[in-house]
Every structure is written in C-alpha cells, then in structure tokens.
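Q: One structure coming up, written as structure tokens, with questions to follow.
The values are calculated or read from the model by the stated rules, or taken from the named source; none is laboratory data. In this text, all values refer to a predicted model and were calculated from it rather than measured experimentally. All Cβ positions, glycine included, derive from the backbone under ideal geometry; neighbour counts span all protein chains shown.
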Amino acid sequence: MGPDARTVFALMTLFSGLWLLALSFVHVNASFSDDAWGYVVLPLGRDPKLGEKVLFEPPEAVGSPVPYVKTVRGMAGAAVSVGADRTVRIDGIAAGRAKARALDGRELAPIAPGTIPDGQYYLHADHPDSHDSRYAEIGLVPGERILGRAFALPDLPWLGLKGPLTGPEDIRMMAPAEARR
C-alpha cells in the first residue's frame, strides 16, 4: 500500500516551498524613493516583464553598497528619447524628468536616446528623486545584473518597520558641505 495522492501533493508542496525559500532572500530598502521598508526577492527564472519590480546591481562606478529596486518600464525594441526639458520618454510615453543635480549636489546627465537592445532594460521608479535609468550613470541595465523579482513586504509598525527606512535628509547629510548650502 503506497502513499495516497494527498500525502504526495503535501510533500511536493512542502519541498517546493523550501526550495523557493532557499533561493529567495529579504532585501532591506535603503532608498526613500520607494514606499516599502523591504522586499522578498525571488529568482526570475525568465526574462523580466514590463511592470515587474526587480532588484539589480547598479554599475560599480555609482559606488552603491546595496542593490536597487526599480520597475521595468522599457524592454528591447522600445525607443528612449529625452526632450529639451529633460523629460525621458519610452516609446513616446513620459516616464519621468531627469534632474540636473542629485540631492548631494553632483551633476546628473540624462540617459542617451536610442533603442533598447536585446537583453537590456530601462528600470525606473516614480519618485522624482529616484536614481534610475533616466540617468546616464545608471543607464540601461543588462539582464545579468538583475538579481530577481522583488515583492514588497508589509509594514510591521510594532517592529518599527514601516515605509522606507531612509529619507532625503540622509542623502543630504552625506553630501559635501558646499552642496548642503
């Protein structure tokens, strides 16, 4: 007499859940440009889709000690353009405006216009101070730098975990003294 179907299903579900848990991790949000305090990050297993939140490693030149969480707004074949007012558009739809200066005072160049090549993504957050693909120093993100799909964790106010754990004032405090004036 072998195991019944319910037992086999329960064991398969348990092992699948443990396998997924072993491959996932929690990312604590170090950015005020997003409303969540943290994310569960799961491996993609496929190419990201438009509208999905993903965690990625920014370019080394940016010097960020932590990965970024952004939303996929542009994929291969989409046209990126930048207007005279620094509005970045993806296939003619405004994604956001590239600021001239960061909160720490450094100059920011907008992304170069062009067509998104295969294997690269335009990643964006809606916050006006988000450091994302609208700026040349981030630019289009190669798929191999994407670490996984990000799912926001719920607020846990009783643990002090509610909303972003940093704010713009934290960035300004790290800026050189002349940029804070």
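Q: Here are some conditions: (1) in contact with a helix residue (DSSP H, G or I) (Cβ under 8 Å, 6 or more places away or on another chain); (2) modelled with pLDDT of 75 or more; (3) of a type outside the set (G, A, S). R180 meets all but one. Which one does it not meet?
A: Result: R180 fails condition (2) only.
Q: Output the number of residues of the stretch 60-91 satisfying the condition of being assigned to a loop (DSSP other than H, G, I, E, B) and out of contact with any strand residue (DSSP E or B) (no Cβ under 9 Å at 6 or more places or on another chain). So that I can check it myself, show each step before the final result.
A: So the first thing to find is which residues in the stretch 60-91 are assigned to a loop (DSSP other than H, G, I, E, B), and the list is 63-67, 75-78, 83-86, 91.
Checking which are out of contact with any strand residue (DSSP E or B) (no Cβ under 9 Å at 6 or more places or on another chain) leaves us with 63-65, 84.
Total meeting the criteria: 4.
Q: Let me ask another. Taking the stated definitions as given, is L50 surrounded by fewer than 17 Cβ atoms within 10 Å (Cβ to Cβ) and either assigned to a strand (DSSP E or B) or under 19 Å from the mean Cα position of the chain (by Cα) (or both)?
A: Numbers: surrounded by fewer than 17 Cβ atoms within 10 Å (Cβ to Cβ): yes; either assigned to a strand (DSSP E or B) or under 19 Å from the mean Cα position of the chain (by Cα) (or both): yes.
When the stated conditions are applied, L50 passes them.
Q: Filter the stretch 57-77 for residues that are among the hydrophobic types (A, V, I, L, M, F, W, C) and surrounded by fewer than 17 Cβ atoms within 10 Å (Cβ to Cβ) and give the result. Let's see the steps before the verdict.
A: Let us first name the residues in the stretch 57-77 that are among the hydrophobic types (A, V, I, L, M, F, W, C), namely 61-62, 66, 69, 72, 75-76.
Selection gives A61, V62, V66, A76.
Q: Same structure again: In the list L55, L23, L42, which residue meets the criterion of being farther than 24 Å from L140 by Cβ and at pLDDT below 95?
A: On the way: L55 fails: farther than 24 Å from L140 by Cβ; L42 fails: farther than 24 Å from L140 by Cβ.
After applying the criteria, what remains is L23.
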